[in-house]
Amino acid sequence: MEELTVGTRVQHERYGAGYVLTAALTNYEIIFERGGKMSLLKSTAMHEMEIVDTPEPDDKTPKLTLAEVESALTLILDRHNGLEHDVELGDRWKGGTLTLVPANDSLPKEIPIDVFFHKIVMLRDRLRVLEQNINSHKGLSDEDKVGLQQYISRIYGSLTTFNVLFKNKHDYFVGTGGGN
């Protein structure tokens with residue numbers, strides 16, 4: 001497989017569409033729509049993705065610095081909800097423990113609340129990526145997209161119980177009813 005150059009568009013089997021930011025001796029730094037900025041070894045990267053478009057070098061192409069490219073991509077991804085932001089655990093839960101007590105005499109299971117909270121936030125972020133994939137899917141009809149979106153909204157509604165863990169209301173789960 002050919003060597004990738006800066007600006008090459010790729011499609012990764014797991015992380016989706018991406019752009020090559022740098023091509024070093026042993027690895028590529030690529031920013032993906034679903035994985036963010038990642039460093040992939042050249043030896044394995046080409047087995048996991050395909051080249052979508054290679055930029056044609058010419059004198060008319062403006063030469064951008066890595067910082068300029070990163071800044072532009074960050075702006076685009078942020079505008080289209082491609083970047084996650086830090087979600088804070090409510091102050092009263094910091095350092096707390098979630099205890100699951102079984103009905104029989106077996107020992108209870110204790111989970112640090114921050115670990116549990118992190119899993120809830122990851123679940124929400126993955127649901128958002130799923131929504132974006134549904135909305136941009138070319139093989140689904142508008143009717144199919146609406147049906148799947150309604151199902152995802154009901155999932156969000158089922159998760160509103162966990163809103164008590166979030167510090168900021170703008171991070172809450174919101175279901176079809178619009179409230180929590």
Sole exception among (1) under 30 Å from Ile152 (Cβ atoms); (2) of a type in the set (Asp, Glu); (3) modelled with pLDDT of 80 or more for Asp86, by number: (3)
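Going residue by residue through the range 127-143, is there one that turns out to be loosely packed, with under 13 Cβ neighbours inside 10 Å, modelled with pLDDT under 80 and not acidic (Asp, Glu)? Lay out the reasoning, then the answer.
Pass one, the range 127-143, residues loosely packed, with under 13 Cβ neighbours inside 10 Å: 135, 137-139, 141-143.
Within this subset, residues satisfying the condition of being modelled with pLDDT under 80 are 135.
Adding the requirement that they be not acidic (Asp, Glu) leaves 135.
Yes: one or more hits.
Take the residues in the range 159-180 that are in a helix (DSSP H, G or I) and modelled with pLDDT of 90 or more, then tell me which one is surrounded by the most Cβ atoms within 10 Å (Cβ to Cβ). Write out each step before concluding.
Here is the first cut: in the range 159-180, the ones in a helix (DSSP H, G or I) are 160-165, 169-171.
In the following step, the residues that additionally are modelled with pLDDT of 90 or more were identified as 160-165.
On the way: Thr160: 15, Thr161: 10, Phe162: 17, Asn163: 16, Val164: 11, Leu165: 22.
Filtering first and then ranking leaves Leu165.
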Those residues of the range 144-158 which are loosely packed, with under 14 Cβ neighbours inside 10 Å and either in contact with a Pro (Cβ under 6 Å, 6 or more places away or on another chain) or over 23 Å from His170 (Cα atoms) (or both), in sequence order: Asp144, Val146, Gly147
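Could you look through the range 11-36, keep only residues that are among the charged types (D, E, K, R) and surrounded by 15 or more Cβ atoms within 10 Å (Cβ to Cβ), and pick out the one that is nearest to the chain's Cα centre (by Cα)? Walk me through it before giving the result.
Going through the range 11-36, the residues among the charged types (D, E, K, R) turn out to be 13-14, 29, 33-34.
Cutting the leftovers down to surrounded by 15 or more Cβ atoms within 10 Å (Cβ to Cβ) gives us 29, 33-34.
Numbers: Glu29: 17, Glu33: 7, Arg34: 5 Å.
Checked the range 11-36; the qualifying residue nearest to the chain's Cα centre (by Cα) is Arg34.
The values are calculated or read from the model by the stated rules, or taken from the named source; none is laboratory data. All of these numbers come straight from a predicted model, not from anything done at the bench. Reconstructed Cβ throughout: ideal geometry from the backbone, glycine too, with neighbour counts over all protein chains shown.
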